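Heads up, the thing below is written out as structure tokens.
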Amino acid sequence: MLKEFKEFAIKGNMVDMAVGIVIGAAFGTVVSSLVADVLMPVISGVIGSPDFSNLYLILRNPSGAAYASVKAARDGGAVVLALGLFLNAVISFLIVSAALFFIVKMLNRLRRQEEAAPVATPAPSAEVRLLGEIRDLLRR
């Protein structure tokens with residue numbers, strides 16, 4: 001059983017998948033930063049809201065207090081519909097999807113170019129040429 005597990009764990013596909021997961025996690029961090037630090041401030045500036053992530057709607061507020069943020073409202077016991085956080089997640093998903101689409105599209109284009117490229121056959125050696133000439137003479 002240990003031998004089977006070792007063969008399974010060391011297969012090339014497993015290593016490729018592990019590398020993909022690590023790169024995906026790093027890519028997710030970059031996209032999260034892009035959304036939170038670059039895009040959302042621009043969108044907030046256009047919409048006029050100073051902090052887009054704190055766009056929320058209080059559904060039930062037992063204390064009746066006013067809250068400055070989603071976190072404060074949740075900590076205060078209010079039931080909150082966090083629209084801004086949801087919009088951040090949707091925008092992040094769309095950016096990741098678009099980036100992956102373009103990466104896959106580029107890889108497919110490179111594969112098609114590789115397939116279309118003519119494969120150069122090496123020139124036959126002197127022995128092969130001589131054997132070919134002998135074959136041709138024997139056919140006559």
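Some observations on this one:
- Taking the helices alone, the chain has a mean residue ellipticity at 222 nm of -22000 deg cm²/dmol, built from -39,500 (n - 2.57) per DSSP H run of at least 4 residues and averaged over all its residues.
- Shown is the FRET efficiency for L107 and S33, computed with R0 = 25 Å from the Cβ-Cβ distance and rounded to the nearest 0.05: 0.55.
- Extreme residue, positive dipole direction of region 1-87, given options A26, A65, V38 (C-beta unit charges): A65
- Kirkwood hydrodynamic radius computed over region 18-134 comes to 19.2 Å, based on all pairs of distinct alpha carbons.
- Judged by the mean number of other Cβ atoms found within 10 Å, the most tightly packed of the peptides 70-80, 15-25 leads the ranking 70-80, 15-25.
- Among residues other than E133 with Cβ under 12 Å from its Cβ, the summed charge is +2 (Lys and Arg +1, Asp and Glu -1).
- Rg(Cα)/(2.2 N^0.38 Å) for region 1-87, N = residue count: 1.80
- Atom-type composition of the exposed protein surface of the chain places 68 percent of the accessible area on carbon and sulfur (1.4 angstrom probe).
- Residue-normalised accessible area of region 25-122, given per residue in Å² at a 1.4 Å probe: 71
- Mean separation of Cα contacts under 8 Å (6+ apart) over length of the chain, as relative contact order %: 17
The values are calculated or read from the model by the stated rules, or taken from the named source; none is laboratory data. All of these numbers come straight from a predicted model, not from anything done at the bench. As a convention, Cβ positions derive from the backbone with ideal geometry for all residues, glycine included, and neighbour counts pool all protein chains shown. These accessible areas exclude ligands, DNA and RNA; they are computed on the full protein's heavy atoms, side chains included. Shrake-Rupley method; radii C 1.70, N 1.55, O 1.52, S 1.80 Å.
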